[in-house]
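Single-structure report; data block below.
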Amino acid sequence: MIFICDLMLGRLSKYLRMLGLNAPCAKSPGPPDTGEHAEEPPYFFTKRLGGPRYERTIHIRSDRIMEQLGEIRHIIVPHIRPDAIMSRCIECNVPLFSTSRENIEHYVPEYVYHHHAEFKQCPSCKKVYWGGSHTEKMRKWIDEITEAHG
Ligand SMILES: [Zn+2]
């Protein structure tokens, strides 16, 4: 399933990516062109009221990220796979690949290099992720959202 976020929901799209969901940002303000995803039409999360009708448009009311996630929790939770959490670049929305320490030495702070053994990297922007790159707070939030309705 694809969860397209309009341009005003950039922060929401990053949170969805953190959960491992495929959450691209819309390239244009209108609803998505479903032609290429005819079998499983994407959801379209938007702040805009009105505009062209699209069946799977979900209007997001709140401006606060945690409330926005609450509004769509029932939609996204069935699509969250535990093994996919934190497997996607939150900037680029592409799956990360595992890489060895030697390959990322120049991309991470020295203490990170020395204190972690498992690293993942984004093939697009080269950003490196490691065990501690998501804060405790994020972990807690992810546990909450997945446990509450999982
Ligand atoms: Zn990236």
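At a glance:
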{"quantity": "Neighbours by Cβ (under 9 Å, 6+ apart or cross-chain): first from region 40-58, at positive phi; second small (Gly, Ala, Ser)", "calculated": "Gly51/Gly30"}
{"quantity": "Residue match in region 73-89 (condition: within 15 Å of Cys5 (Cα to Cα) and at pLDDT 95 or above)", "calculated": "yes"}
{"quantity": "Arg11, sole failed condition from (1) in contact (Cβ under 8 Å) with a residue 40 or more places away in the chain; (2) under 27 Å from Lys140 (Cα atoms); (3) in contact with a strand residue (DSSP E or B) (Cβ under 6 Å, 6 or more places away or on another chain)", "calculated": "(3)"}
{"quantity": "Residue selected from region 60-91 under the condition without any contact (Cβ under 8 Å) to a residue 24 or more places away in the chain and touching an Asp or Glu at 6+ places or on another chain (Cβ under 9 Å), by the criterion surrounded by the most Cβ atoms within 10 Å (Cβ to Cβ)", "calculated": "Ser62"}
{"quantity": "Hits in region 87-146 - residues which are over 24 Å from Leu16 (Cα atoms), part of a helix (DSSP H, G or I) and away from the ligand (no atom under 15 Å from the Cβ)", "calculated": "Arg101, Glu102, Asn103, Glu105, His106, Glu110, Tyr111, Val112, Tyr113, His114, His115"}
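One line per residue, one yes/no per condition, for (1) among the hydroxyl-bearing types (Ser, Thr, Tyr); (2) under 16 Å from the mean Cα position of the chain (by Cα); (3) closer than 23 Å to Trp141 by Cβ; (4) not in a helix (DSSP H, G or I):
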site: Glu40; (1), (2), (3), (4): no, no, no, yes
site: Arg48; (1), (2), (3), (4): no, no, no, yes
site: Pro52; (1), (2), (3), (4): no, no, no, yes
site: Asp63; (1), (2), (3), (4): no, no, yes, yes
site: Ile75; (1), (2), (3), (4): no, yes, yes, no
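The values are calculated or read from the model by the stated rules, or taken from the named source; none is laboratory data. Predicted model, so just to flag it, every value in this text is computed and none were measured. Note that we place each Cβ from the backbone using ideal geometry, even for glycine, and neighbour counts take in every protein chain shown.
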